Amino acid sequence: MVDAATASRRPAGRTGADATPAARGLAVALHAADTAGQAAYAAFCRQAVFAPPQSPEWLAAWAPHAEGETAIAEIRRNGATLAMLPLEIVRRRGLSLARPIGGRHANGNFPATAAGLPPLDAGTAGALAAALAAAGRRIDVVCLERMAERIAGQTNPLAGLPRQQSPDVALAVALDGGFEALLERVNGKRKGKKHRSQKRKFEAVGGVRRLRAETPEEIARMLDAFFAMKHARFAQMGIADVFADEAVRAAFRALFGGEAGKARPAFVLHGLEVGGVLRAVTGSSAAPGRLVCEFGAIAADDLAHASPGDFLFFENIREACEEGFAVYDFSVGDEHYKRLWCDLEERQFDVVLPLTLRGRAYAAGRRLRTVLRRSAKQTPAVRALVRRLRRLSAAR
């Protein structure tokens with residue numbers, strides 16, 4: 001473990017941060033994400049608020065398969081632990097970058113945080129920079145993307161750091177009053193009619209079953225089906241398959257496989273089987289008060305026109321209501337099928353802390369790219385043009 005205090009104890013030029021009175025007593029310790037580090041992290045999480053990608057289960061599954069070196073940053077004030085955040089350190093075109101473990105697969109990030117903690121001030125950035133420098137790691141930039149504003153009433157402790165709005169919106173639907181009340185708010189008569197029609201079509205070709213993967217064999221089967229579905233869909237859209245890397249697949253197998261047999265798993269797979277064949281798969285995580293759809297896919301076969309994904313979401317949302325969740329969260333990404341349900345738009349934020357000259361150049365360029373991406377994603381005509389160009393490229 002390496003412990004470094006805020007810039008008040010080091011020359012300002014080395015950390016690039018001011019030592020404000022509120023920052024005094026603040027320190028960051030870096031722990032290895034080994035067995036002992038993970039055990040300490042899990043112990044803190046038992047009394048903390050955190051997002052699924054910062055859960056002990058996520059850390060245990062991803063750490064052996066992370067792209068780079070892993071560490072756990074512990075933020076303390078006057079000896080008391082305030083928050084902890086697992087990180088991985090990766091190389092990008094000669095740049096050393098620290099990010100949440102899981103990279104682009106980690107959405108709605110929220111450090112494990114002591115209940116009631118107010119947002120930390122900018123002094124935290126200086127403390128983190130000092131800790132990384134003291135550890136002998138050459139880190140050019142800390143990049144914390146897609147940070148959730150709050151979970152279970154707790155504000156993200158990093159919300160007070162220099163920040164920028166993420167380019168992607170996160171869509172969700174409130175489940176107040178149960179499933180029937182929800183249907184009344186979201187054109188439920190039409191949804192119910194479509195759902196019954198889908199069910200008749202599926203039963204006519206061999207029957208329909210919604211499955212929850214509980215055994216290691218069921219989990220393996222459902223993940224294999226998902227990876228194949230997603231690969232085909234990305235190829236059709238002209239997009240690189242972010243699930244293609246075997247390390248990523250191994251991490252997800254460990255994550256969902258570790259939940260096998262649990263009565264209330266933190267991560268769960270659901271599938272829609274029609275005629276004995278899996279036609280749609282979703283992977284979800286449980287956060288305080290909400291069920292989060294981390295990913296989903298449908299088979300590109302003769303039943304794709306019948307929208308098995310919509311059918312599965314209908315049942316998933318119904319079950320989330322029955323299990324007492326307050327929110328069903330579709331996670332990041334603005335898609336039509338999400339808009340058909342959602343009445344909540346949640347804006348996440350990015351924190352980019354440059355630690356070197358090279359890091360500052362990267363941060364400046366990244367801020368500009370984020371503004372341009374956000375503008376493009378919020379303009380329907382531009383979004384449609386990009387998708388059309390991708391499809392044409394894939395066809396060629």
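Looking only at residues that are of a type outside the set (A, V, I, L, M) and surrounded by 14 or more Cβ atoms within 10 Å (Cβ to Cβ) in the stretch 217-227, which one is farthest from L303 (Cα to Cα)? Explain how you work it out, then say what you get.
The first filter runs over the stretch 217-227 and keeps only residues of a type outside the set (A, V, I, L, M), leaving 217-218, 221, 224, 226-227.
With the extra rule that they be surrounded by 14 or more Cβ atoms within 10 Å (Cβ to Cβ), the set shrinks to 218, 221, 224, 226-227.
Values: E218: 22, R221: 20, D224: 19, F226: 16, F227: 18 Å.
Restricting to residues being of a type outside the set (A, V, I, L, M) and surrounded by 14 or more Cβ atoms within 10 Å (Cβ to Cβ), the top hit is E218.
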Unmet criterion (only one of (1) free of Cβ contacts under 8 Å to residues at least 40 places away in the same chain; (2) among the hydrophobic types (A, V, I, L, M, F, W, C); (3) crowded, with 22+ Cβ neighbours inside 10 Å) for A80: (3)
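Could you list, in sequence order, all residues of the stretch 114-145 that are modelled with pLDDT of 80 or more and in contact with a Leu (Cβ under 7 Å, 6 or more places away or on another chain)? Step through it out loud before you land on a result.
As a first pass, look at the stretch 114-145 and keep what is modelled with pLDDT of 80 or more: 114-120, 139-145.
Across the stretch 114-145, the qualifying residues are A114, L117, L120, I139, D140, V141, V142, C143, L144.
Any residue that is touching a Leu at 6+ places or on another chain (Cβ under 7 Å) and closer than 28 Å to E322 by Cβ - is there at least one of those in the stretch 240-258? Walk me through how you get there before you give the answer.
Filtering the stretch 240-258 down to residues touching a Leu at 6+ places or on another chain (Cβ under 7 Å) leaves 252-253, 256.
Among the residues that remain, those that are also closer than 28 Å to E322 by Cβ are: 252, 256.
Yes, the stretch 240-258 has at least one match.
Results for (1) assigned by TED's automatic domain parsing to the domain that holds G296; (2) touching a Gly at 6+ places or on another chain (Cβ under 9 Å); (3) outside any strand (DSSP E or B); (4) not charged (D, E, K, R), shown as yes or no for each residue.
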| residue | (1), (2), (3), (4) |
| --- | --- |
| L223 | yes, yes, yes, yes |
| A232 | yes, no, yes, yes |
| A244 | yes, no, yes, yes |
| R253 | yes, no, yes, no |
| G261 | yes, no, yes, yes |
| R264 | yes, no, yes, no |
Please go through (1) touching a helix residue (DSSP H, G or I) at 6+ places or on another chain (Cβ under 6 Å); (2) surrounded by fewer than 19 Cβ atoms within 10 Å (Cβ to Cβ); (3) on the phi < 0 side of the Ramachandran plot for G178 and return the number of the only condition it doesn't satisfy. (3)
Which of (1) within 23 Å of the chain's Cα centre (by Cα); (2) surrounded by fewer than 18 Cβ atoms within 10 Å (Cβ to Cβ); (3) in the same structural domain as Q198 (by TED's automatic domain parsing) is the odd one out, the single condition D302 does not satisfy? (1)
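Inspect all residues belonging to the stretch 186-196 and state whether any of them is crowded, with 19+ Cβ neighbours inside 10 Å and modelled with pLDDT of 95 or more. Even if it seems obvious, please write down each step before you answer.
Narrowing the stretch 186-196 to residues crowded, with 19+ Cβ neighbours inside 10 Å: none.
Checking the stretch 186-196: not a single residue is crowded, with 19+ Cβ neighbours inside 10 Å and modelled with pLDDT of 95 or more.
Taking the residues in the stretch 202-217 that are part of a helix (DSSP H, G or I) and in contact (Cβ under 8 Å) with a residue 40 or more places away in the chain as candidates, determine which candidate is farthest from the chain's Cα centre (by Cα).
F202
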Do any residues in the stretch 278-303 that are at positive phi have Cβ atoms under 6 Å from those of residues that are part of a loop (DSSP other than H, G, I, E, B) and modelled with pLDDT under 95, where the two are at least six apart or on different chains, and which pairs are they? G289/A152
Hits in the stretch 34-76 (condition: touching a Leu at 6+ places or on another chain (Cβ under 7 Å), modelled with pLDDT of 95 or more and small (G, A, S)): A61
Unmet requirement for N109, which otherwise passes all of (1) under 19 Å from Y41 (Cβ atoms); (2) surrounded by fewer than 21 Cβ atoms within 10 Å (Cβ to Cβ): (2)
Which members of the stretch 327-339 meet the condition of being over 19 Å from the mean Cα position of the chain (by Cα) and modelled with pLDDT of 95 or more? none
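The values are calculated or read from the model by the stated rules, or taken from the named source; none is laboratory data. All figures in this text were calculated on a predicted structure; none of them were measured in a lab. Neighbour counts are summed over all protein chains in view; Cβ atoms, including those assigned to glycine, are modelled from backbone coordinates with ideal geometry.
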